[in-house]
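J.: One structure coming up, written as structure tokens, with questions to follow.
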Amino acid sequence: MSQHLDEPLPTAAGGANPDCAYHQEDVERYYRANLEIENNRHHIEETREQITELEHTEAVELFKKQVGLLQKRLANDPQFFQQMFITEGTSAIAWEFQQDELGEAFTRTLWGLLLKNDDMSTLLLRFLWGIPLKFKRKFIRAIDKHLATRYPMFKGLSDGWPGKNNIPPYIRPPHERADDFDLVNQGYLGYMGLGYSFREVELFVWLEVLRDKQCDDRPCELGLPKMDGGENEGGCPVKIHIPEMIHLMGEGKFKQAFQLIKEANPLPNVTGRVCPQEIQCQGVCTHNERPIEIGQLEWYLPQSEKVLNANANFEIGEFTNPWSKADKPPIAVVGSGPAGLINAYLLSKEGYPVTVFEAFHELGGVLRYGIPEFRLPNDLIDDVVKKVRQMGGKFVTNFIVGKTATLDALKRAGFWKVFIGTGAGLPRFMNIPGEHMNGILSANEFLTRVNLMNAHKTDYETPLPETRGKQVIVIGGGNTAMDAARTARRLGGKVTIVYRRTREEMPARVEELHHALEEDIALSVLRSPREFTGNEKTHFVTHAVLDVMELGEPDASGRRRPLATGKTEEIRADLVIMALGNASNPIVKDAEPGLKTSKWGTIEIRSGSQETSIADVYTGGDANRGGSTAIKAAGDGQAAAREIAVNTPYSASEIRELVASAERYTGQGQAPKKILEKIELAEGIVEFVVYAPLIAKSARAGQFVRVLGWDKGELIPLTLADWDAGQGTIDLVIQSLGSSSMMLNQMEVGEVIHGIAGPLGLPSQLHRYENGETVVFTAGGVGLPPVYPIMREHLRMGNHVTLISGFRTRDLMFWAEPDERIGMLQAEYPELLDVIYTTNDGSFGINGFVTGPLEEMLENMKAGSGRPVGEVVTIGPPMMMRAVSDLTRPYGVKTVASLNSIMVDATGMCGACMVPVTLDGKMVRKHACIDGPELDAHIIDWDKFLPRFLQFRKQEDENKSRHGFG
Ligand code: FAD
């Protein structure tokens, strides 16, 4: 603060000195004269005279002596002076606080000092944090009264402060946000967008902290004990020391508060935004009407560091990469959701070499593919991944544990312990009439298309269901439903959320529901779909018939059970998004018979531990809990890390060997999927030999891979045509049909396919036919490559095989020459393999479809002549498979169709590859990716299944013309 001439001069001790009082006037005149010299050159001579005169007065001489002494003391003991000013300043402020109210000038000056962000302002923050509540109230009344012009958010703040009033974080207004994917809740830092400085925002945060009651029993951190002795109610699952964090912030020590939080939780910028605080830390806050915004504080700390210094979150100091140090055995983490990421981070930090194996091509789990960017920007997940990498953690994407490798294979590869954080990504459906129709999809599929595959952006390949101007209904009341509804709203849909209970029972975060309603999303409660109806020609849904519900007695969840009243109502629906929660994905469980799971398919753990029924295999998050929350997943990942990081049974040299082996394996998983060979088989049909060593090692006949051609491409399933485990290669045959296959077929040797995951699906079930029956394969066009490895397996088993291979015309035929695959098989198994070719135009072999020769065989069999048919395997265009299925049904011959359906994730997570089948007279959903790709053709409801291939025809045509494919 600059000293004004009209303000009283300070004495050396800050107060009035009675001994010098009568000389004070001389000193003041002397002081003024000196300032005049500095400031006013006009009267310089006159003033100098005054100074000379005054210099000889006793007062000025004494004053000078005192100044000299003070200077000496300041040089020798600066601490003393600092303390002196603090004491004086503080007592002056304390004096002000003793008055009835703080005056305007004082309030402005005090706020001005706080804004300075220097040592003094920190001291003042500490002072204000420490004063009793009644003085804090006085301060809040003062800023409310005197500073509200610049800070409208202070207006009225003192009403009910601290328990019932606070400064909320900045939320973008609904009309601004409802059409874009930018962050909605911008937190306190959002106020910077309104023109407030960083320091001002810091003070808003501090004002929030100032409301803290400094409770002794720490409910926000520890929760409240339950009567039944179970897990505490509320509290922080990752045990952030919330009271200490608040205390540090209260004293203006924001950096230290951030350090503290980081020790407990490496992803505060994520969990702070998506955690259901209202049932955790804030749910048990003693300010029960308006809890302290703990979640906002949690993410404010890392985000504000980021604002100040983009690299602040990545400063780790001295550190040796655990892989090079190699003094601890490697750990495999399966899944890169919050459970896996926190586990990988903490173990890497502890010095363990860690590899995270992730099924998708991107990292983050639901945080990335489920939660939209308007709630959680992807760069925050990237930050967490970067931190894990910085600690030495490695990532292998497109790796599906249970398919690419078993847990045992990971252990054999050198990983000492495994943490399974695979989530619960299997969407639930209602299995009601009409649910198979086009335009009805799971929220997982819808959100994955948008969040992961960027389907809403024009330069990305993945198709998106039409939403603009459409009536979209979202079924469900959880976070997933809110995210799906708000995403559809942003894509131009007119959205209604349909929920079977009332608003009070909705499991969604309160904030999400509130925001959804603000964004003009309608809510229809006590309604539940009983049927969907649609257009018979297009097979798209047009209406939903809803049961009108009422609430009955509470069910197991404690919420009142919804009961149908018998009344129904019909609403229009162009797009239906099913957000009914997720069940457990069976892939890991099915691959590991020793892994104990609950009746819901969740992986079980030992009591008081995260360890599963398999030694050295741990789990947590949704994989164990079923659909839960990000913070609980993170808490489990943290608990498992603690359990994993114990003394190892290995010697130093054994550890070094394990590390080297795990590193080699990780390298193989990370190897770019390079095209090594490209063979043009026929017009528009290309065979690629691609380097994919781990897939080649595990591939089995009948399996497929999920291919992402380029970073903006779409995920498409391609059945394996062949593989060579020794060379580490797989063979893919691709026909140019849609824009993705056309683009892929333009790739050349040396280029890298962005991602290949697999092998996926169940291998073919091979049966040994002892009585000479033949296994008939009907292959239509590029159905031949997937048929090839399956029939080769049958031949190797000693089964007789009849291949009926159909093409449109001779020019499209391939692999038929003696030095090509089928020719060579014929040479190898002359007794066991019969090959029949058909062409639609009669240009080669039998004129007609594959069904011709098949029918003849079946008739012969019926007549008792010819070889009996053991089973028929049909692969090719869906219409052909249906024709084969219809043909064989009356003969009672087992028939298997391998379905190359529309898929997104191909691991069961999206439900897109739904195949309606009839079992015991009931329609049941099967999924080609996890129940197939081979399914009993006779139970497939082809009438319902075939139209699904038309779902994205319009979008596909648009994509083709965008790429100039006509
Ligand atoms: P996930 O996040 O599901 O991650 C599992 C990962 O494992 C995935 O990346 C998956 O691809 C991978 N994986 C699966 N199988 C394999 C395999 N065999 N091999 C290799 N990798 C595999 N919670 C909140 O707290 N707040 C919210 O606001 C919230 N909103 C949500 C919104 C949506 C749309 C959804 C779907 C969930 C939401 N949740 C929310 C729940 C929360 O996201 C989950 O509880 C949390 O992500 C679970 O973390 P996880 O690590 O256990 O699993």
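J.: Suppose we keep only residues that are in a loop (DSSP other than H, G, I, E, B) and closer than 18 Å to residue 415 by Cβ within segment 302-347. Which one would you say is most open to solvent (accessible area, probe 1.4 Å)?
T.: So, considering only residues that are in a loop (DSSP other than H, G, I, E, B) and closer than 18 Å to residue 415 by Cβ, the one most open to solvent (accessible area, probe 1.4 Å) is 327.
J.: Sticking with this structure for a sec: Starting from residues that are buried (at least 24 other Cβ atoms within 10 Å of the Cβ) and part of a helix (DSSP H, G or I), keep the ones in segment 348-367 and report whichever is nearest to the ligand (Cβ to nearest atom).
T.: Going through the qualifying residues, I end up with 366.
J.: Let me ask something else. Please enumerate the residues belonging to segment 231-250 that are surrounded by fewer than 20 Cβ atoms within 10 Å (Cβ to Cβ) and in a helix (DSSP H, G or I).
T.: Those that are surrounded by fewer than 20 Cβ atoms within 10 Å (Cβ to Cβ) and in a helix (DSSP H, G or I): 243, 244, 247.
J.: I've got another one for you. Can you pull out the residues in segment 718-749 that are open to solvent by 20 Å² or more (accessible area, probe 1.4 Å), in contact (Cβ under 8 Å) with a residue 12 or more places away in the chain and not aliphatic (A, V, I, L, M)?
T.: The answer is 719, 723, 724, 727, 735, 736, 748.
J.: Here are some conditions: (1) modelled with pLDDT of 95 or more; (2) within 16 Å of the ligand (Cβ to nearest atom). Residue 455 meets all but one. Which one does it not meet?
T.: The single condition residue 455 does not satisfy is (1).
J.: Does residue 167 satisfy the condition of being touching a residue at least 12 places away in the same chain (Cβ under 8 Å) and under 29 Å from residue 370 (Cβ atoms)?
T.: no
J.: So residue 763 ticks every box in (1) at pLDDT below 95; (2) part of a loop (DSSP other than H, G, I, E, B) but one. Which box is left unticked?
T.: It fails just one condition, (1).
J.: Select from segment 379-421 the residues that are of a type outside the set (Val, Ile, Thr), touching a residue at least 60 places away in the same chain (Cβ under 8 Å) and under 30 Å from residue 171 (Cβ atoms) and list them in ascending order.
T.: Of everything in segment 379-421, those that are of a type outside the set (Val, Ile, Thr), touching a residue at least 60 places away in the same chain (Cβ under 8 Å) and under 30 Å from residue 171 (Cβ atoms) turn out to be 380, 383, 386, 387.
J.: Which one is farthest from the ligand (Cβ to nearest atom) among residues in segment 605-622 that are within 22 Å of residue 509 (Cβ to Cβ) and of a type outside the set (D, E, K, R)?
T.: 620
J.: Considering only residues of segment 188-230 that are closer than 18 Å to residue 161 by Cα, in contact (Cβ under 8 Å) with a residue 60 or more places away in the chain and of a type outside the set (A, V, I, L, M, F, W, C), which is most open to solvent (accessible area, probe 1.4 Å)? Break it down stepwise before answering.
T.: To start, the set of residues in segment 188-230 that are closer than 18 Å to residue 161 by Cα comprises 203-215.
This time we only want the ones that are in contact (Cβ under 8 Å) with a residue 60 or more places away in the chain, so: 203, 205-213, 215.
The next check asks that each one be of a type outside the set (A, V, I, L, M, F, W, C); those that pass are 208, 211-213.
On the way: 208: 3, 211: 3, 212: 31, 213: 113 Å².
Per the criteria, the residue is 213.
J.: Hey, any hits in segment 413-421 for a residue that's closer than 30 Å to residue 511 by Cβ, within 13 Å of the ligand (Cβ to nearest atom), assigned to a loop (DSSP other than H, G, I, E, B) and within 18 Å of the chain's Cα centre (by Cα)?
T.: Checking segment 413-421: at least one residue is closer than 30 Å to residue 511 by Cβ, within 13 Å of the ligand (Cβ to nearest atom), assigned to a loop (DSSP other than H, G, I, E, B) and within 18 Å of the chain's Cα centre (by Cα).
J.: Okay, moving on. Restricting attention to segment 920-937, which residues are within 20 Å of residue 437 (Cα to Cα), at pLDDT 90 or above and either assigned to a helix (DSSP H, G or I) or more than 33 Å from the chain's Cα centre (by Cα) (or both)?
T.: 937
J.: What number goes with the only condition from (1) surrounded by 15 or more Cβ atoms within 10 Å (Cβ to Cβ); (2) on the phi < 0 side of the Ramachandran plot; (3) away from the ligand (no atom under 11 Å from the Cβ) that residue 570 does not pass?
T.: Looking at each condition in turn, residue 570 falls short on (1).
J.: Follow-up. So is residue 653 touching a helix residue (DSSP H, G or I) at 6+ places or on another chain (Cβ under 7 Å), over 18 Å from residue 408 (Cα atoms) and either away from the ligand (no atom under 12 Å from the Cβ) or in a loop (DSSP other than H, G, I, E, B) (or both) or not?
T.: Considered against the rule, which asks whether it is touching a helix residue (DSSP H, G or I) at 6+ places or on another chain (Cβ under 7 Å), over 18 Å from residue 408 (Cα atoms) and either away from the ligand (no atom under 12 Å from the Cβ) or in a loop (DSSP other than H, G, I, E, B) (or both), residue 653 comes out as no.
J.: Looking at the structure I just gave you, is residue 615 touching a helix residue (DSSP H, G or I) at 6+ places or on another chain (Cβ under 9 Å) and over 30 Å from residue 541 (Cα atoms)?
T.: No, not satisfied.
J.: When you check residue 768 against the structure, is it within 28 Å of residue 929 (Cα to Cα), open to solvent by 40 Å² or more (accessible area, probe 1.4 Å), part of a loop (DSSP other than H, G, I, E, B) and modelled with pLDDT of 95 or more, yes or no?
T.: Against the criterion (within 28 Å of residue 929 (Cα to Cα), open to solvent by 40 Å² or more (accessible area, probe 1.4 Å), part of a loop (DSSP other than H, G, I, E, B) and modelled with pLDDT of 95 or more), residue 768 qualifies.
J.: Here is a follow-up. Considering only segment 251-277, how many residues are under 18 Å from residue 383 (Cβ atoms) and assigned to a loop (DSSP other than H, G, I, E, B)?
T.: Adding up the residues that qualify gives 4.
J.: Further, regarding this structure: Inside segment 622-638, can you point out the residues that are of a type in the set (Gly, Ala, Ser), open to solvent by less than 40 Å² (accessible area, probe 1.4 Å) and out of contact with any strand residue (DSSP E or B) (no Cβ under 9 Å at 6 or more places or on another chain)?
T.: 630, 633, 634, 635
J.: Would you say residue 514 is of a type outside the set (S, T, N, Q) and within 14 Å of the ligand (Cβ to nearest atom)?
T.: Taking the combined requirement at face value, the residue satisfies it.
J.: Then there's this: Can you name every residue in segment 915-950 that is open to solvent by less than 30 Å² (accessible area, probe 1.4 Å) and touching a His at 6+ places or on another chain (Cβ under 6 Å)?
T.: Listed by number, the residues that qualify are 916, 947.
J.: May I ask you to list pairs of residues, at least six apart or on different chains, whose Cβ atoms are under 8 Å apart, with the first in segment 429-443 being open to solvent by 10 Å² or more (accessible area, probe 1.4 Å) and away from the ligand (no atom under 16 Å from the Cβ) and the second being of a type in the set (Val, Ile, Thr) and at pLDDT below 95?
T.: Note: pairs meeting the criteria are 431/924.
J.: Can you tell me which residue among 602, 629 is touching a Cys at 6+ places or on another chain (Cβ under 8 Å) and within 12 Å of the ligand (Cβ to nearest atom)?
T.: Criteria check complete, one pass: 629.
J.: Quick one: in segment 109-119, which of the residues that are surrounded by fewer than 16 Cβ atoms within 10 Å (Cβ to Cβ) and over 40 Å from the mean Cα position of the chain (by Cα) is nearest to residue 199 (Cα to Cα)?
T.: 112
J.: Given (1) more than 16 Å from the ligand (Cβ to nearest atom); (2) over 22 Å from residue 280 (Cα atoms), identify the lone condition not met by residue 505.
T.: Evaluating residue 505 over (1) more than 16 Å from the ligand (Cβ to nearest atom); (2) over 22 Å from residue 280 (Cα atoms) leaves (2) as the failure.
J.: List every residue pair whose Cβ atoms sit under 6 Å apart, with the two residues 6 or more apart in sequence or on different chains, where the first one lies in segment 573-594 and is farther than 27 Å from residue 419 by Cα and the second, anywhere, is of a type in the set (Lys, Arg) and away from the ligand (no atom under 11 Å from the Cβ).
T.: Cβ pairs passing all conditions: 574/470; 575/470; 580/428.
J.: So residue 132 fits all but one of (1) under 42 Å from the mean Cα position of the chain (by Cα); (2) over 24 Å from residue 168 (Cβ atoms); (3) open to solvent by 60 Å² or more (accessible area, probe 1.4 Å); what number is the exception?
T.: The one condition residue 132 does not meet is (1).
J.: Next question, about the same structure. Residues in segment 334-341: is at least one within 14 Å of the ligand (Cβ to nearest atom), under 30 Å from residue 191 (Cα atoms) and in contact with a helix residue (DSSP H, G or I) (Cβ under 9 Å, 6 or more places away or on another chain)?
T.: Checking segment 334-341: at least one residue is within 14 Å of the ligand (Cβ to nearest atom), under 30 Å from residue 191 (Cα atoms) and in contact with a helix residue (DSSP H, G or I) (Cβ under 9 Å, 6 or more places away or on another chain).
J.: Which residue pairs have Cβ atoms closer than 8 Å, lie 6 or more positions apart in sequence or on different chains, and pair a first residue in segment 473-495 that is farther than 15 Å from residue 442 by Cα and of a type in the set (Asp, Glu) with a second residue that is at pLDDT below 95 and away from the ligand (no atom under 15 Å from the Cβ)?
T.: If the second residue must be at pLDDT below 95 and away from the ligand (no atom under 15 Å from the Cβ), no pairs are left.
J.: So residue 199 ticks every box in (1) within 21 Å of residue 138 (Cβ to Cβ); (2) among the charged types (D, E, K, R); (3) at pLDDT 95 or above but one. Which box is left unticked?
T.: Among (1) within 21 Å of residue 138 (Cβ to Cβ); (2) among the charged types (D, E, K, R); (3) at pLDDT 95 or above, residue 199 violates only (1).
The values are calculated or read from the model by the stated rules, or taken from the named source; none is laboratory data. Remember, it's a predicted structure, so these values are computed and weren't measured experimentally. Positions of Cβ are backbone-derived with ideal geometry, glycine not excepted, and every protein chain shown enters the neighbour counts. In case anyone asks, the SASA skips ligands and DNA or RNA and just uses the protein heavy atoms, side chains included. Shrake-Rupley method; radii C 1.70, N 1.55, O 1.52, S 1.80 Å.
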